[in-house]
Amino acid sequence: MLSTILYSTALLSLANAHGVILAAQGEAGSPPSVGFQVDPAIARNCTGISPCQQDTTIIRDAEINANIVNECGRTELSGNIDVGENTENALAAGAVTQVKAGTLMTVTIHQVNADGAGPYSCDLDQTSNAGIISQNLTVTNNIPGVNGLSQAKTQDFNITVAMPSNLACTGASTGNVCTVRCRNNAVAGPFGGCFAVQQTDVAATANTPNQITTAQTLAGVTAQVAENNVDLPVAVAANQQQGTTEQTQANEAVKVLLGITVTSKAAAIQTLSVENVGVNAAAASVATSSATTKSGKAGKAGKATAAAASTATTTATAKKGKNNNKRESGLKWAKRAFEESI
Ligand SMILES: *[C@@H]1O[C@H](CO)[C@@H](O)[C@H](O)[C@H]1NC(C)=O
Ligand SMILES: *[C@@H]1O[C@H](CO)[C@@H](O)[C@H](O)[C@H]1NC(C)=O
Ligand SMILES: *[C@@H]1O[C@H](CO)[C@@H](O)[C@H](O)[C@H]1NC(C)=O
């Protein structure tokens, strides 16, 4: 339903726009990244909404804060951009540029029409997909414009985006990917996009639940629950529509229009050792609120299965667990956590 709404909006509204990230080049010799959901097949020689604005990305803080979209916003045609999906697709296709701390990237932005102008600003999610913007990036050689407006149209510009000296990418299946986000400040936007970069001068992270920091607050969770209650009837209606002939045809039409192709690559199969599943499940709970720590602590002591971790709750075992946990640093747990079987 949401995508249907956005689809209709794209075709019916006279929204004018915008800017698209065609390429981001990090270290020489590595492939360029392309903006998430940007379709290389879409013509760049016109300013009209169809086809030249179809893959324009809108990234509004208000929509991000309301949890309508994630940190990378949405395109007019296909709605919320799934960062994880787009990143893995790009990795599988060998289309992620490589960077190091301090790399100066050349980011090619196509200005479709007036409000795709500069200035653009860029920032970084070092986890790739946690929605935590860790820092702003230095942009030089910016696109001309004031408040995102200029008279340029159907023109490509190269901006220079500097990777910070303390770059530490930890995300994606490879454990060394960051998401870079660039956008202008046009009132009809902001317009811009996100792309993945893979860091080569860092040890790839083996991610475990206990390393993942989240920024959820009670107020945020409560607000989300309220929002979900409002959205539920709409979602139910959408589910009832799914799979109807009308829906399937609309879906196919969108795919044809966007020329979506995805390169598939088999993922490695990893097996968590039984012992460490319990340990990690326990450690993961330590950082969260007291309401959830009990079962986690017990899990540590249980030194056993995930099932044990979620059921045992006695104080005695919880204490034992705490001591167990002090014996090793988080990194050691991480290293032992995975046993790659392929
Ligand atoms: C844009 O390019 C396409 C082919 O690449 C061409 O068919 C079309 O006429 C061009 N449009 C304009 C406005 O020049
Ligand atoms: C990035 O810059 C904006 C605007 O100056 C500021 O509000 C924000 O806090 C900065 N973000 C970080 C992570 O430093
Ligand atoms: C942008 O830089 C690339 C090289 O990274 C170059 O091929 C391209 O012509 C440049 N585009 C513009 C508009 O300067």
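The values are calculated or read from the model by the stated rules, or taken from the named source; none is laboratory data. Please read these numbers as outputs of a predicted model, since none were measured by experiment. All Cβ positions, glycine included, derive from the backbone under ideal geometry; neighbour counts span all protein chains shown.
Points to keep in mind about this one:
- On the stretch given as segment 151-179, residues that are surrounded by 22 or more Cβ atoms within 10 Å (Cβ to Cβ) and touching a Leu at 6+ places or on another chain (Cβ under 6 Å) total 2.
- Scanning segment 128-144 for residues that are aliphatic (A, V, I, L, M), under 17 Å from ASN185 (Cβ atoms) and exposed (fewer than 15 other Cβ atoms within 10 Å of the Cβ) gives a single hit, ILE133.
- Extreme residue, nearest to ligand 3 (Cβ to nearest atom), among residues of segment 30-61 that are more than 20 Å from VAL197 (Cβ to Cβ) and touching a Cys at 6+ places or on another chain (Cβ under 8 Å): ARG44
- Some residue of segment 118-136 being more than 16 Å from ligand 2 (Cβ to nearest atom), touching a helix residue (DSSP H, G or I) at 6+ places or on another chain (Cβ under 9 Å) and under 18 Å from PRO31 (Cα atoms): no
- Residues that are more than 14 Å from ligand 2 (Cβ to nearest atom), assigned to a strand (DSSP E or B) and of a type in the set (A, V, I, L, M), drawn from segment 137-160: VAL146, LEU149, ILE159
- Any hit, segment 20-33, residues being at pLDDT 90 or above, within 16 Å of ligand 2 (Cβ to nearest atom) and crowded, with 20+ Cβ neighbours inside 10 Å: no
- Output for segment 51-68, where each listed residue is at pLDDT 90 or above and surrounded by fewer than 20 Cβ atoms within 10 Å (Cβ to Cβ): ARG60, ASP61, ALA62, GLU63, ILE64
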